[in-house]
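See structure below.
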Amino acid sequence: MWGLLSCALLLLFSLALMGFFVYCGYIQYIHMKYDHIPGPPRDSFLLGHMPSILKVIKNNDLIHNLFLEWAKIYGPVVRYNTLHHVTILLTTPEGVKEVLLSPKYSKDAAYNRAVSVFGVRLMGNGLVTDQDNEHWRKQRNMIDPAFRRNYLVGLMEPFNEKAEALMKKLSEKIRSNRKVKMHDMMSRLALDVIAKVAFGLEMDCVNDDQTPFPQAILLVMKGLTESLNPWAKYLPGKQAFIRDVQKSARLIRQTGKECIERRQRAIQKGEDVPEDILTRILNAADLEEDCNPEILVDNFVTFFIGGQETTANHLAFSVMELARNPEILQKAQAEVDNVIGSKRNIEYEDLANLQYLSQVLKEALRLYPTAPATSRAVRGELVIGGVRIPPNVTVMLNSYVMGRMEQFYQDPLTFNPDRFSPDSAKPYFTYFPFSLGPRSCIGQTFAQMESKVVMAKLLQRFDFQLAGEQSFKLIDTGTLRPMDGVICTLEPRTSQRGTGNY
C-alpha cells in the first residue's frame, strides 16, 4: 500500500518537474524570439518584468509612468515580459496609425480581465470586451444610431436638467461652508446622466448620499486592477475586499437585468419606449439567432460603467487644472459669459461657440486620458521604425505616455489649452484618448457634449480653487482618477462679473 502511494507521489513529482522544465524551455524560446526588441532588463527569467509592475501597483504608483520611463530610455518600440507573455509598447505615430486604424488587428486577451472580476461576470462579451470582430461589428452597427447627431441633439434637455441639479447641490454645500470633493460630485452627476439618457432610470445620485452605485463602480474598477496580480485572491487581508467587489458586480448586473426586463415588458405591451441605448441593445438582440440574455446585461454594464467612469474622471481633472491655472480659468469664464450669458438652458448651437472650453477639455484629456491605453493582438509580422516585431504578440498603444513625451509636445507637463487652438498644428496620431479607427469609443461625442454642458454651467456660476495641500497623484482603477478627489472651495460668481447673481 505505502509502496504504491510512494510510487504515485514520485510519478506526480516527476511529471510536475518535467512540466516545469518544458515550461522553462518555452520561456527560453520566447526570449530568443523577441529579445532583439529593445527593453529593460528582466527582473527574473521566469517572471520577466512582473515584479517591477507589481511593485508599482503595491505602492499605489502609476504603471503608465513606468511605461513612460521605459519609452524615454529604450525608444519607440519597447518589449516587456510577464511570465511567457510578451507585450510591445509602441510610442510612434507610425505604429499608432498602423495598428489602430486597421480592422485586421483585433482586441487582445488583455480585455478578458474585464469579462469578470474575482469570478463574478462583469462586462462579459459586451461592446468593449468582444474580441470577435464580426460579432462586435453586428453589435456596433445596431447601437450606432443611438449616438448619431439627430439623437444627440435631443439629449440637451436631460444634460441641462442633470447639470442644474448638480449646480443646486453645489450651492447648498457652499451655504453650509463645506469643501467639495469634486470627483465625487462629478461621479454622481455622470451616473445620473447615463442612467437617465441610456436606460430611462432616475437615480438622483447627486442628492442621495446613500446610493450604493458610485461606490459599487469604484469597487469593481479597483477589483479589476487588483486582479492583475494572479495571487491577489490568496493574499491575507484581501478576502473582505474581494467579497465587496463581488457584491458590487452582482448589484450592477442585477440592476441591469431588472432594467432590461422592465423595458422588454413595456415593448411586449406595445407601450411607447425611447429610442435610447437600451432599446438599441434589445433591437440588436432580436436579430441574434441565439442571443444569450447575459449579453444584454453585459452591454448594460459596459455603458453603465463606461458612460459614468470616464466622464466623471475627465470633468474632475478639468476642474483640477483650471483651479491650478487661474488665468486659464478666467479666460474660460469670459468665453462662457460671452456665449451663454446668464441663461440657464444651454442649447446645442452654443456648444460649437465654446471653442476655448473645448480646448481646455481636450488638453485635460492629453495630460489625463481617462482610458490611458489600448492593446491589440498582432497575428502577423509587423515592422515599425525599422524594428521587426514577430507575430502572435500583444501591442500596446498608450495615449498617456505619448501625451507626455517632449518629441510630440513642447513642455508636455504644462497645461496649455492653446495646443488645441484652430491655428495650432494637429497632433499626428499622438492624441487618442477615445482610441482611433473602427474600435474607437462609440460614446465620445456623447461624452464631449455632456462634459461641455456641465463645465459651462460650473464656470458660469462659480469661482473655485483647490482646498489645502493636494498631491495631484493619479490612481489607475482601470481608468485614471485623481487620488485626492480634487477637493475645492467654491464661491458664487457675482453680477459685477457679468454672469448674474446666483
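Filtering the stretch 361-377 to residues that are within 11 Å of the chain's Cα centre (by Cα), under 24 Å from residue 456 (Cβ atoms) and not hydrophobic (A, V, I, L, M, F, W, C) leaves 368, 369, 370. Restricting attention to the stretch 161-216, the residues that are closer than 17 Å to residue 488 by Cβ, surrounded by fewer than 16 Cβ atoms within 10 Å (Cβ to Cβ) and under 22 Å from the mean Cα position of the chain (by Cα) total 0. The set of residues in the stretch 54-79 that are buried (at least 21 other Cβ atoms within 10 Å of the Cβ) and either more than 23 Å from the chain's Cα centre (by Cα) or charged (D, E, K, R) (or both) comprises 77, 78, 79. Of all residues in the stretch 33-52, none satisfies being over 27 Å from residue 381 (Cα atoms), assigned to a helix (DSSP H, G or I) and modelled with pLDDT under 90. If you filter the stretch 80-102 down to residues that are in a strand (DSSP E or B) and β-branched (Val, Ile, Thr), you find that the one that is surrounded by the fewest Cβ atoms within 10 Å (Cβ to Cβ) is 82. Only residues that are small (Gly, Ala, Ser), closer than 19 Å to residue 358 by Cα and under 22 Å from the mean Cα position of the chain (by Cα) were counted across the stretch 422-481, and they come to 4. Examine the stretch 43-63 for a residue that is free of Cβ contacts under 8 Å to residues at least 40 places away in the same chain and farther than 26 Å from residue 223 by Cα, and state whether such a residue exists. So far as the stretch 43-63 goes, yes, one or more of its residues are free of Cβ contacts under 8 Å to residues at least 40 places away in the same chain and farther than 26 Å from residue 223 by Cα. Within the stretch 424-444, being touching a Pro at 6+ places or on another chain (Cβ under 9 Å) and in a loop (DSSP other than H, G, I, E, B) holds for 427, 428, 429, 430, 431, 432, 433, 434, 441.
Of all residues in the stretch 338-392, those satisfying the criterion of being in a loop (DSSP other than H, G, I, E, B) and surrounded by 20 or more Cβ atoms within 10 Å (Cβ to Cβ) are 340, 346, 354, 368, 369, 370, 371, 372.
Scanning the stretch 172-187 for any residue that is of a type in the set (Ser, Thr, Tyr) and under 30 Å from residue 349 (Cα atoms) turns up at least one such residue. Applying the set (1) touching a helix residue (DSSP H, G or I) at 6+ places or on another chain (Cβ under 6 Å); (2) aliphatic (A, V, I, L, M); (3) crowded, with 20+ Cβ neighbours inside 10 Å; (4) closer than 30 Å to residue 133 by Cα to residue 436 leaves exactly one unmet item: (3). Considering the stretch 122-141, and only residues there that are in a helix (DSSP H, G or I) and crowded, with 20+ Cβ neighbours inside 10 Å, the residue that is modelled with the lowest pLDDT turns out to be 139. When each of 450, 491 is tested for being surrounded by 20 or more Cβ atoms within 10 Å (Cβ to Cβ) and within 23 Å of residue 163 (Cα to Cα), the lone residue that passes is 450. Within the stretch 103-121, does at least one residue satisfy the condition of being among the aromatic types (Phe, Trp, Tyr), modelled with pLDDT under 95 and outside any loop (DSSP other than H, G, I, E, B)? For the stretch 103-121, residues among the aromatic types (Phe, Trp, Tyr), modelled with pLDDT under 95 and outside any loop (DSSP other than H, G, I, E, B): present. Looking at residue 57, is it at pLDDT 85 or above, of a type outside the set (Phe, Trp, Tyr) and not in a loop (DSSP other than H, G, I, E, B)? It is false that residue 57 is at pLDDT 85 or above, of a type outside the set (Phe, Trp, Tyr) and not in a loop (DSSP other than H, G, I, E, B). If you check 240, 249, 316 for being farther than 16 Å from residue 127 by Cα, modelled with pLDDT under 90, in a helix (DSSP H, G or I) and of a type outside the set (Asp, Glu), only one passes: 240.
Looking at residue 459, is it modelled with pLDDT of 90 or more and touching a Lys or Arg at 6+ places or on another chain (Cβ under 8 Å)?
When the stated conditions are applied, residue 459 does not pass them.
Here residue 395 fulfils each of the conditions (1) without any contact (Cβ under 8 Å) to a residue 60 or more places away in the chain; (2) touching a helix residue (DSSP H, G or I) at 6+ places or on another chain (Cβ under 7 Å) apart from (1).
Within the stretch 213-227, can one find any residue that is in contact with a Cys (Cβ under 9 Å, 6 or more places away or on another chain) and either closer than 23 Å to residue 166 by Cβ or in a helix (DSSP H, G or I) (or both)?
Scanning the stretch 213-227 turns up at least one residue that is in contact with a Cys (Cβ under 9 Å, 6 or more places away or on another chain) and either closer than 23 Å to residue 166 by Cβ or in a helix (DSSP H, G or I) (or both).
Among the residues examined, residue 173 does not qualify as at pLDDT below 95 and either over 30 Å from residue 464 (Cα atoms) or part of a loop (DSSP other than H, G, I, E, B) (or both). Between 465, 448, the distinction of being touching a helix residue (DSSP H, G or I) at 6+ places or on another chain (Cβ under 8 Å) and in a strand (DSSP E or B) belongs to 465 only.
Of all residues in the stretch 316-370, those satisfying the criterion of being without any contact (Cβ under 8 Å) to a residue 12 or more places away in the chain and small (Gly, Ala, Ser) are 334, 352.
Just give me the residues in the stretch 172-209 being in contact with a strand residue (DSSP E or B) (Cβ under 8 Å, 6 or more places away or on another chain) and within 19 Å of residue 483 (Cα to Cα), in sequence order.
Within the stretch 172-209, 179, 180, 181, 182, 183 meet the criteria.
Exactly one residue out of 311, 374 is closer than 14 Å to residue 480 by Cβ and touching an Asp or Glu at 6+ places or on another chain (Cβ under 7 Å): that is 311.
The values are calculated or read from the model by the stated rules, or taken from the named source; none is laboratory data. Keep in mind the model is a prediction, meaning the values are calculated, not measured. Cβ: placed from backbone, ideal geometry, glycine included. Neighbour counts: every protein chain shown.
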